[in-house]
1. Within 10 Å of each candidate Cβ there may be at most 10 other Cβ atoms; applying that plus a DSSP loop requirement, which GluC sites (Glu not before Pro) in region 46-130 survive?
2. Along the three principal axes, how long is region 5-70 when you take its alpha carbons, biggest first, rounded to the nearest angstrom?
3. If you roll a 1.4 angstrom probe over the protein chains with everything in place, what fraction of the accessible area of region 6-109 belongs to carbon and sulfur, to the nearest %?
4. For a quick protection proxy, order the peptides 59-69, 21-31, 140-150 by their average other-Cβ count within 10 Å, most packed first.
5. Tell me the per residue accessible area of region 1-148 using a 1.4 Å probe; a whole number in Å² is fine.
6. Fully extended, how many nm does the chain gain between SER2 and ASN48 (0.36 nm per residue separation, minus their Cα-Cα distance)?
7. Using only helices, what value at 222 nm comes out for the chain when you add -39,500 (n - 2.57) per DSSP H run of length 4 or more and divide by the total residues, to the nearest 500 deg cm²/dmol?
8. Post the alpha-carbon centroid distance, region 119-155 to region 1-60, in whole angstrom.
Amino acid sequence: MSYYVGIPLLLFVALVEASVLPLFTVYGLQPDLMLVLLVAWLMVRGANEAFFLAPIGGLLLGLVDNQAMGTALIGLAPLAFLQELRGSQLREGGIVMAVAFTVAMTVFYNFAYLAVDTLQGESGDWLAASSRVIIPTALVNVAVVVPLYFTILTFSRERRQSTYA
């Protein structure tokens, strides 16, 4: 998998997240599929590819989402910061690190959306949003990141070859 697969996959995920996933909500919640895909991609494929694909994914999601343009891009920005906190050892942690990143990124991603909505004049209770939306969404995202992580790992030929070498 490379950029030739990543960019069309991001376009597909953005379209699915904006059009199809709202029809299949669980208690009004849906996974942040773009966020989960980029976290799994970062954990399996590495920072070089993920940092190239994250802005593209944020812009694509901004084009098809019903939010202000650039909100998804702002929400995905801490992906680079979390990677720097973790260090350059990409194989350490694996799925555990992917789950931790997913939870942290879900919190920031949703807070970015809340901040943009607040700046646009829409009032809301951030504490209630945290308990009713952000925490349950983090659990939904964790449930999605596990199979997605293993799927990307399975189709990632370079990583498979390095584990057997």
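1. The qualifying sites are GLU92, GLU122.
2. 35, 23, 18
3. Exposed carbon and sulfur together represent 71 percent of the surface.
4. Going by the mean number of other Cβ atoms within 10 Å, highest first, we get 140-150, 59-69, 21-31.
5. 51 Å²
6. Between SER2 and ASN48, full extension yields an extra 15.5 nm.
7. -22500 deg cm²/dmol
8. About 13 Å separates the Cα centre of region 119-155 from the one of region 1-60.
The values are calculated or read from the model by the stated rules, or taken from the named source; none is laboratory data. All values reported here derive from a predicted model rather than from experimental measurement. Ideal geometry is used to build each Cβ from the backbone, glycine not excepted, and the neighbour counts take in all protein chains shown. In case anyone asks, the SASA skips ligands and DNA or RNA and just uses the protein heavy atoms, side chains included. Shrake-Rupley method; radii C 1.70, N 1.55, O 1.52, S 1.80 Å.
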